[in-house]
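A short reminder: the numbers here are calculations on the coordinates, not readings from a lab. For clarity, every value in this text was computed on a predicted model and none was experimentally measured. Neighbour counts are summed over all protein chains in view; Cβ atoms, including those assigned to glycine, are modelled from backbone coordinates with ideal geometry.
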Amino acid sequence: MLTEFIAFAFMVGALLPLSTDSIAKVGMKLRPIEMDQKISTMAETVGVKLDRVYLKEGGGINAYSLGGLKNVLILERESMNLPEEEFKAMVAHELSHIKRRHSLMRGAVLASGLLMALWLSSLNRLFLPAFLLVFLVDMLICRRMESQADRDAATFADPKALISLIWRYGDTGSMSDHPSAQTRVKKIESMISGH
């Protein structure tokens, strides 16, 4: 039972980028919103064709991007109240994920991991270690992708606003797919100072 559940979770993760518009609506209370001038200008600046923007009901300041057949940006309601430069930095970060095809790359990692874990389980061994290895590799790849998106956002938007936004988000746990706030801020500050 556990094996089937883990396999299903991997499959959903691997297929997620392929049908972004319909998948984005599953399990989230989303409402399509018009793309305002700030978002469309940032999409043009970053060089991304954005197909849809959704507003997600719920608490917190956050945004998500899904790139695949459709490029989708999802904004949590509280994000709409950010100071303008922080909002632009958040949007630039998410658009960078789309431009760099991070959803597709992550899907490929998860699909490969699923195949490896299923193959090992067919040999009746090493399924759990293989699953844990894929989880750790995915986490490390995601942290690298987050750093890339931060670097791009600092180029396309105000880097000081991005730093402020990262501190506003707060820190992540050690098992997060995001680097710590301190690590992210240090990299951006190093980029600003030219080191």
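Rounded to the nearest Hz, the phi-derived 3J(HN,Hα) couplings of segment 44-54 under the Karplus curve 6.51 cos²θ - 1.76 cosθ + 1.60 (θ = phi - 60°) are 5, 4, 6, x, 10, 8, 9, 8, 9, 10, 10, where x marks glycine and proline. Fewest neighbouring Cβ atoms within 10 Å first, the residues Glu84, Glu76 line up as Glu84, Glu76. Students often forget the sequence filter, so: which aspartates and glutamates lie under 20 Å Cα-Cα from Lys38 once same-chain residues fewer than 8 apart are removed? Partners within reach: Asp51, Glu76, Glu78, Glu84, Glu85, Glu86, Glu94, Asp150, Asp152, Asp158. Which entries in the list Lys56/Lys99; Lys29/Lys187; Lys29/Lys99 go over 28 Å, if you measure between the two C-alpha atoms of each? Beyond 28 Å between Cα atoms: Lys29/Lys187. Along the axis of the charge dipole computed for segment 34-135 (Cβ charges of +1 for Lys and Arg, -1 for Asp and Glu, origin at the Cα centre), the listed residues Leu120, Thr41, Met90 are led at the positive end by Leu120. Look at Asp152, Asp36 and count the other Cβ atoms within 10 Å of each Cβ; fewest to most, that gives Asp36, Asp152.
Of the trypsin sites (Lys or Arg not before Pro) found in segment 65-155, those in coil by DSSP whose Cβ has at most 11 other Cβ atoms within 10 Å are Arg125.
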